[in-house]
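Below: the structure, in structure tokens.
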């Protein structure tokens, strides 16, 4: 099962956060948002299909996030969690920890923003279009 989110990079994309990564529907980004990879996302967790959400709520779920912008790609592998709410209508956050709030879409990720391919990050800082594909198995 997949959910696809399209967003855009921004001049303030730094991707320096060491434990999270985020996409937001907001149309702005300040330099303090060092986990944010894309703005103007066309979807948020509250928009995801119920069967996708249910699958992500399994401890046994493996969730992958494939990021692509301007020919550069990276993939994050993470886990599901029974407490994932997928309720936020503004932003989605992936975490290397097991912390869950209404923005969390996966936990125990093998990468955070700081670990992503730096050519991908540079493309996002130049405003490239971003396709983020979440897959749950």
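Data table
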item: Boolean, residue 21 is touching a helix residue (DSSP H, G or I) at 6+ places or on another chain (Cβ under 9 Å), closer than 20 Å to residue 118 by Cβ and either touching a residue at least 24 places away in the same chain (Cβ under 8 Å) or assigned to a loop (DSSP other than H, G, I, E, B) (or both); result: yes
item: Options 124, 67, 130; residue that is in contact with a helix residue (DSSP H, G or I) (Cβ under 7 Å, 6 or more places away or on another chain) and closer than 21 Å to residue 32 by Cβ; result: 130
item: Of all residues making up segment 1-18, the number that are outside any loop (DSSP other than H, G, I, E, B) and under 16 Å from residue 120 (Cβ atoms); result: 4
item: Hey, residue 37 part of a helix (DSSP H, G or I) and closer than 16 Å to residue 133 by Cβ or not; result: no
item: Residue match in segment 41-56 (condition: more than 15 Å from residue 134 (Cβ to Cβ) and free of Cβ contacts under 8 Å to residues at least 40 places away in the same chain); result: no
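Every number here is computed from the coordinates shown, using simple stated rules; none is lab data. No experiment lies behind these values; they were computed from the predicted model shown. Backbone-built Cβ (ideal geometry, glycine too); neighbour counts: all protein chains shown.
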